[in-house]
Amino acid sequence: MTKPNPREIAVNIISDINNDNAYSNISLQEHFSEYNYLTSLDKAFITEIVNGTIRHMNHIDYIINQFSTTKTNKMKPLILSILRSGVYQILFMSKVPVSAACNEAVKIAKKRGLDGLSGFVNGVLRNIARNINNISYPDRSKNPVEYLCVKYSYPKWVVKYWLKYYSVDFVEELCIASNDTPKITIRCNSLRTNKDSLTELLSKESIEVSNGAFLPEALHISQTSAISELASFKQGLFQVQDESSMLVGHILNPKPGESILDVCAAPGGKATHFGELMNNQGQIFARDIHEHKLKLIESSAKRLGIDIITTELHDATLLDKEKISLMDRVMIDAPCSGLGIIRKKPDIKWKKSNRDINELVDLQRKILSVCSQYVKPGGILVYSTCTISEKENIDNINWFIQNFDFELDNINSYIPKMLHCDTSEKGYIQLFPNVHSCDGFFIARLKRKR
């Protein structure tokens, strides 16, 4: 059998995600490793088709169902993946000729032993291409939930959940922004370089560089498909990290010589940032429940030249009596629904449910209850999530301060003035992709009463 071309590989990955519950970023990397003949352009093309198709799946299925007598829920899984990939190319990839999208989809069907359905694939795709300007959508004013679900491809429960707290206009903006492909953001490693020197070096490596939105150590980069292969990365001059996540470090505000406990630390972006902010002086205990993830933290720390991080295999819901009241600062980046990072991981939309949120709240409160005990009197606890979910965020904080000896602590002195808002003065902030051009993130700073 001939080697699969980029479109066929994209179809295989889409099938893995939808049929085998694979994670898009992991499946992409596995396939890139398997097919080492792929060029950087091939990888970029595959990534665009995969992420785009998953990102817009509701929209794509809605269109297929308008032009196919066999509905999506009755189709063979592989045929559905082929059609979804083809429709994405026709609808969203303006540089791809319609003929190429249709012809290649037919070839994939034939190659995979579905000759009898190749005509069906061809007919549906060409029918859609001919009528692309005549597609009817739900009425936004009469049925905003249905409109948002179809137009921007979100599960009904997510749209309804957000509409409980935000206006239709805001939720529409949030859906649009969360469907955008984000810029890659990196954190300059202050222990080894400065931003000007790093910018100059990256430019010599043919990387386009621009300043981050609001933090001095943040840079946006583009025109690279293999960051880990860059000499500047191998030398530990930077770490990939979104600005929303970098803000956590500033709000925790760790000082040289302090003892810091990061209870859900993997893959280590925040812990290594703490090490840089502490000038590699003090001690950081970085914990996770998975041993293989601790190795990721150790690898990053070594590459960045940080030797004050000690990794520990530990379940954050279980009390470690040896650390009670001993930590200057405790960081809880809690397991969450991830609704703030859909830009990067579009399959999150289809892998979570309302029930998951209620279960996560129980877990988050258990972690808060246990890990707050490690904070010294007068010490600091920072709680963060990468989600846009009132239940997981401010509702948890309100519950926590009502039941524990902590109070919210004004964060305005730790964040840029442009981010000051009503809630930051109270001690917390919710970041939104549509407002702040970064991941959706919640951060609260709490002080233990003496």
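Here are the numbers:
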| quantity | calculated |
| --- | --- |
| Matching entry among 118, 94, 81 (being under 26 Å from residue 343 (Cα atoms) and in contact with a helix residue (DSSP H, G or I) (Cβ under 6 Å, 6 or more places away or on another chain)) | 81 |
| Residue 226 closer than 30 Å to residue 39 by Cβ, in the same structural domain as residue 203 (by TED's automatic domain parsing) and of a type in the set (A, V, I, L, M, F, W, C) | yes |
| In region 277-301, the residues that are surrounded by fewer than 13 Cβ atoms within 10 Å (Cβ to Cβ) and out of contact with any Leu (no Cβ under 9 Å at 6 or more places or on another chain) | 281, 292, 299 |
| In region 99-118, residue nearest to residue 2 (Cα to Cα) [restricted to those that are among the hydrophobic types (A, V, I, L, M, F, W, C) and surrounded by fewer than 18 Cβ atoms within 10 Å (Cβ to Cβ)] | 114 |
| Residue in region 198-217 that is crowded, with 18+ Cβ neighbours inside 10 Å, touching a Gly at 6+ places or on another chain (Cβ under 8 Å) and over 30 Å from residue 39 (Cβ atoms) present | no |
| Among (1) of a type in the set (A, V, I, L, M); (2) in the same structural domain as residue 55 (by TED's automatic domain parsing); (3) part of a helix (DSSP H, G or I), the one test that residue 96 misses | (3) |
| Members of region 83-106 found to be touching a Ser or Thr at 6+ places or on another chain (Cβ under 8 Å) and over 15 Å from residue 49 (Cβ atoms), listed by number | 106 |
| Selection within region 31-65 - more than 21 Å from residue 348 (Cα to Cα), in contact (Cβ under 8 Å) with a residue 12 or more places away in the chain and out of contact with any helix residue (DSSP H, G or I) (no Cβ under 8 Å at 6 or more places or on another chain) | 37, 40 |
| Complete set of residues in region 183-199 that are under 16 Å from residue 243 (Cβ atoms) and outside any helix (DSSP H, G or I) | 183, 184, 185, 186, 187, 188, 189, 190 |
| Region 58-98, subset small (Gly, Ala, Ser) and buried (at least 16 other Cβ atoms within 10 Å of the Cβ), residue farthest from residue 128 (Cα to Cα) | 81 |
| Failed condition for residue 24, given (1) closer than 24 Å to residue 138 by Cβ; (2) modelled with pLDDT under 90 | (1) |
| Segments classed as strands (runs of 3 or more DSSP E), wholly inside region 344-450, with at least 3 members that are in contact with a Gly (Cβ under 6 Å, 6 or more places away or on another chain) | 441-448 |
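This table checks each residue for (1) closer than 23 Å to residue 190 by Cα; (2) not β-branched (Val, Ile, Thr).
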| position | (1), (2) |
| --- | --- |
| 267 | yes, yes |
| 274 | yes, yes |
| 282 | yes, yes |
| 307 | yes, yes |
| 312 | no, yes |
| 315 | no, yes |
| 322 | no, yes |
| 330 | yes, no |
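The values are calculated or read from the model by the stated rules, or taken from the named source; none is laboratory data. Because the structure is a prediction, the values reported are computed rather than measured. No Cβ is skipped: glycine too gets one built from the backbone with ideal geometry, and neighbour counts run over all protein chains shown.
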